[in-house]
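Single-structure report; data block below.
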Amino acid sequence: MPAAQRPVPGRTRSGAPAEGVDAPLRVRWLGRVPYREALVVQEALFEHGRGQHLLLVEHPHVFTHGRTADLATNLRCEPAAVGAELIAVKRGGDITYHGPGQLVGYPIVAVGNSLGASDHVHGVEDLLIDALGELGVPGAGRIEGFAGVWLDPGTSDERKIAAIGVRLRRGRTMHGFALNVSTDLTYMRDHIVACGIADKAVTSLAEEGVEVTMREVSDVIARLAAERWAGGALERQDVAWAHPSDGRDLSAFSRGEGPGEQVKLVSPRATARMEAAGVTEGLSIETRKPDWLRPRVELGPEVMELRKTIRSLDLVTVCEDAGCPNLSDCWSDGTATFMVLGERCTRACGFCLVDTRRPLGPAADEPGRVAEAIERMELDHAVLTMVARDDLADGGMAHVAACIEAIRLRRPSARVETLISDAKGDDASLELLFASRPDVMNHNVETVARLQRAVRPSAGYARSLSVLARAGAAGLTTKTGFMAGLGETHDEIVGLLGDLADLGVDIVTIGQYLRPTSHHLPIARYAEPAEFDAWKRIGESLGIGHVEASPLTRSSYHAKQASDAVTPVALSAR
């Protein structure tokens, strides 16, 4: 729904603080994230959130500049020639650089109404000065008239080790700091005039002889930031710190090796990734499922007739293909999920039973066939899902958009929900889909931050948040889902729900992970029904419009009811 109609995360519908919601600083190490993806997540947390957040990242090479930057003087290269982007941002300051080896921190926090931007900048400077002191750099300070942190300020050898640029509006901040840990300083010395300051040097911890890891620096800053902005209350989640440079955690097709034999989805490397994420044990595949995971599927005459319709049009429903336990429930309620763009995926996630052979081209007549099925089935709510299609320039988004348009021509009364891949985070591809205005735009985060690389090595937490944030910024109703039972903790789930609430996500689904075969990731445990009930209460108390949570919940379960629940009329009645 449009942002103005969304509930305020961390508040009840009346605007009062949600019962039991505290205000820790939610620190997230997100790994190496393209600048634009981090920016859109920041903007969503800044616009919709009420929680306190600190995003810690590295960026690929990028130059950013504020509104008053003098690019004619201070940009000394063609950015593309040095492997960098050039991006204009809504903040103060001149041109600056972000890249590997630099810790970038984005505090999205509330500051007192009496504080102006300069006071907040001084607070960030103090945070970094204190952190540098703990890291063995005692001579850090500030220079009057220059934002940032300097070593040996006031001497002939003063040099800048951290840049700062912030935006403050209505007592809430975004943007932040960039601390040079082991940065390639060529980008700041030769390619730009860093921050427009031509007569002062730049440095890094490594250049100062301080050998520390990015993780050690992040640990110190996270703790000190929590003391400064949250009274010491810290809730931290990190994505995996190790990122293989050779792409061995991707499917062979994604690495460009072409078609091959069908792969085993859990290799020794996949097991090693789970162990690195802290998951060392799991249930045997022979372990009996608890009774609450043994549904009774009723295939009555109406359901069988719908199945005939689907068969006659040579279509695939996820309901059947995945053996969904909720098939009869959803179909009898006028909801079905269609898989478009084929059944072969260019990724090999450890939880998903999917064909990873080389995909075929999109079927040009598929939009028409899907629309005809929906008309003949008289569906009220149709869900379109897809495999990842990294082989297509737009990730398949134009094809999904064509399906939406065809459905609306054949059955205008049907709501259309899309469950999409991340399109590699490409703005232009996602815009192709957003322009078709699906009634619900779903993209699953699948698991908590810590387990992302182990569970879906070709995707990422920050990228998924950015897809949801961009859909929200486009005024779409947003939805996401994740699984329990992969080795996550209760606190991690609560933290994930907090992130989604502050991002402005409207609908969340939570279900039990079920291992498809012995080649898939093990089940760490079976979460009990009462736990799902608790996560629903917590998520909705944080401000998420509707949380559908139960052991048998899947992405499209009760999709129609969930969509109904977050309409403006429904929300105003709460």
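Laboratory data are not the source of any read-out in this text; all were calculated from the coordinates shown. Please read these numbers as outputs of a predicted model, since none were measured by experiment. We place every Cβ from the backbone using ideal geometry, glycine too, and count neighbours over all the protein chains shown.
Along Cα→Cβ, 7 Å out, is where each label goes; now give me the distance between the ones at Asp439 and Glu528 in nm to one decimal.
3.8
Run through region 48-124 and list the trypsin sites (Lys or Arg not before Pro) located in a DSSP loop whose Cβ has at most 16 other Cβ atoms within 10 Å.
Working: sites: Arg50, Arg67, Arg76, Lys90, Arg91; in loops: Arg50, Arg67, Arg76, Lys90, Arg91.
Filter output for region 48-124: Arg67, Arg76, Lys90.
Expressed as a rounded percentage, what relative contact order does region 424-573 have, with Cα pairs under 8 Å and six or more residues apart?
In percent, rounded to a whole number, it is 21.
Using a/c under 1.5 as the rounded threshold, could you call region 179-226 rounded, prolate or oblate? The axes a ≥ b ≥ c are square roots of the C-alpha gyration tensor eigenvalues, and prolate needs a/b larger than b/c, oblate otherwise.
Values: a/c = 2.89, a/b = 1.90, b/c = 1.52.
Cα axes put region 179-226 in the prolate bin.
In whole angstrom, how far apart do the alpha carbon centroids of region 203-242 and region 340-383 sit?
Taking the Cα centre of each part, region 203-242 and region 340-383 sit 44 Å apart.
How much length would be gained if the chain were fully extended between Glu405 and Ala72, taking 0.36 nm per residue of separation minus their Cα-Cα distance, in nm to one decimal?
Values: separation 333, 0.36 × 333 = 119.88 nm, distance 4.57 nm.
Using 0.36 nm per residue and subtracting the Cα-Cα distance, I get 115.3 nm.
How big is the dipole moment of region 358-480 about its Cα centre under a simple scheme where the beta carbon of each Lys and Arg is +1, that of each Asp and Glu is -1, and everything else is neutral? Debye, nearest 20, please.
Working: 16 positive and 17 negative charges, 78 e Å.
In debye, rounded to 20, region 358-480 gives about 380.
On full extension of the chain, what length is gained from His519 through Val494, given 0.36 nm per residue of separation minus the C-alpha to C-alpha distance?
Details: separation 25, 0.36 × 25 = 9.00 nm, distance 2.95 nm.
Difference between extended and current length: 6.0 nm.
Rounded to the nearest 0.05, what FRET efficiency do Ala198 and Asp126 have when you use their Cβ-Cβ distance and R0 = 25 Å?
Numbers: r = 27 Å, r/R0 = 1.07.
Result of the calculation: an efficiency of 0.40.
Under 5 Å between amide H atoms, partner at least 5 residues away or on a different chain: which partners does His381 have, H built in plane at 1.01 Å?
So His381 has HN proximity to Ala336, Arg415.
Local charge sum around Val416 (other residues, Cβ-Cβ under 10 Å, Lys/Arg +1, Asp/Glu -1)? Before the final figure, lay out each step's value.
Details: positive: Arg408, Arg411, Arg415, Arg437; negative: Glu405, Glu417, Asp439.
Cβ neighbours under 10 Å give a net charge of +1.
Between Thr155 and Asp427, with labels modelled 7 Å along Cα→Cβ, what's the label distance in nm to one decimal, could you check?
About 4.3 nm, to one decimal.
I want to check the label-to-label distance for Glu207 and Arg169. Put each point 7 Å from Cα in the C-beta direction and report it in nm to one decimal.
3.4
Short version: ³J(HN,Hα) in whole Hz for each residue of region 23-30, in order, from phi by Karplus 6.51 cos²θ - 1.76 cosθ + 1.60 (θ = phi - 60°), x for Gly and Pro, what are they?
3J(HN,Hα) across region 23-30, in whole Hz: 9, x, 7, 8, 9, 10, 8, 9.
Can you bin region 332-382 into rounded, prolate or oblate? Criterion: square roots of the alpha carbon gyration tensor eigenvalues sorted a ≥ b ≥ c, rounded for a/c under 1.5, prolate for a/b above b/c, oblate for the rest. Mind dumping the intermediate values first?
Details: a/c = 4.72, a/b = 1.63, b/c = 2.91.
Oblate is the answer for region 332-382, as a/c is 1.5 or above yet b/c matches or exceeds a/b.
Work out from phi, with θ = phi - 60° and the Karplus expression 6.51 cos²θ - 1.76 cosθ + 1.60, the ³J(HN,Hα) of each residue of region 428-433, listed in order in whole Hz, and give x for Gly and Pro.
So the Karplus estimates, Gly and Pro as x, are 4, 5, 4, 5, 4, 6 Hz.
I need the trypsin sites (Lys or Arg not before Pro) found in region 144-173, filtered to DSSP loop residues with at most 11 other beta carbons within 10 Å of theirs. Mind dumping the intermediate values first?
Details: sites: Arg159, Lys160, Arg167, Arg169, Arg170, Arg172; in loops: Arg170.
Hits after loop and neighbour filter: Arg170.
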